[in-house]
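One structure below.
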């Protein structure tokens, strides 16, 4: 899910992401990939499998894993040298899709929180700087 989150935040082509997973993982069968990558990870099925996109920031990764401990970035920081790319990427994703997400009961709160962020401009610049190839 972390790799899928990275691709989702950056707007990568879901078919290309699915193809990559197919080639890189021994359990990359269609019955696994279509539901997990297209539906859950990339939210590319229009919400048929899940009720919201799985876009999450560094705080979630820190809570659900042990990956953040040795990392140079801090999941609670949105901007600055030690800002977590997943945290900034998540807010940039919400900003980029705010029109659609505002109408989804599972994501409307994130859109409202986005509107209250005092450092939104710096956050968006940081997300784009750390995400080469992301759409403008």
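The values are calculated or read from the model by the stated rules, or taken from the named source; none is laboratory data. Predicted model only: the values in this text are computed from it and were never measured. No Cβ is skipped: glycine too gets one built from the backbone with ideal geometry, and neighbour counts run over all protein chains shown.
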What pairs come out if I take residues in segment 44-66 that are within 23 Å of residue 77 (Cβ to Cβ) and pair them with residues that are surrounded by fewer than 16 Cβ atoms within 10 Å (Cβ to Cβ) and at pLDDT 90 or above whose C-beta lies under 7 Å away, six or more apart or interchain? 61/2; 61/67
Subset of segment 60-75 that is assigned to a helix (DSSP H, G or I) and out of contact with any helix residue (DSSP H, G or I) (no Cβ under 7 Å at 6 or more places or on another chain) - its residue that is nearest to residue 109 (Cα to Cα): 60
Segment 55-78, residues that are crowded, with 17+ Cβ neighbours inside 10 Å and either under 15 Å from the mean Cα position of the chain (by Cα) or at pLDDT below 90 (or both): 55, 56, 57, 58, 60, 61, 62, 75, 78
Any residue that is exposed (fewer than 12 other Cβ atoms within 10 Å of the Cβ), free of Cβ contacts under 8 Å to residues at least 12 places away in the same chain and in a helix (DSSP H, G or I) - is there at least one of those in segment 81-93? no
Say whether the condition of being part of a loop (DSSP other than H, G, I, E, B), in contact with a helix residue (DSSP H, G or I) (Cβ under 7 Å, 6 or more places away or on another chain) and within 21 Å of residue 123 (Cα to Cα) is met by at least one residue in segment 40-53. yes
With respect to residue 124, determine if the residue is part of a helix (DSSP H, G or I), modelled with pLDDT under 90 and within 23 Å of residue 43 (Cβ to Cβ). yes
Only one of these conditions is not met by residue 121: (1) surrounded by fewer than 17 Cβ atoms within 10 Å (Cβ to Cβ); (2) within 16 Å of the chain's Cα centre (by Cα); (3) under 19 Å from residue 10 (Cα atoms). Which number is it? (2)
Which listed residue, of 78, 106, is in a loop (DSSP other than H, G, I, E, B), within 12 Å of residue 55 (Cβ to Cβ), touching a residue at least 24 places away in the same chain (Cβ under 8 Å) and outside the structural domain of residue 8 (by TED's automatic domain parsing): 106
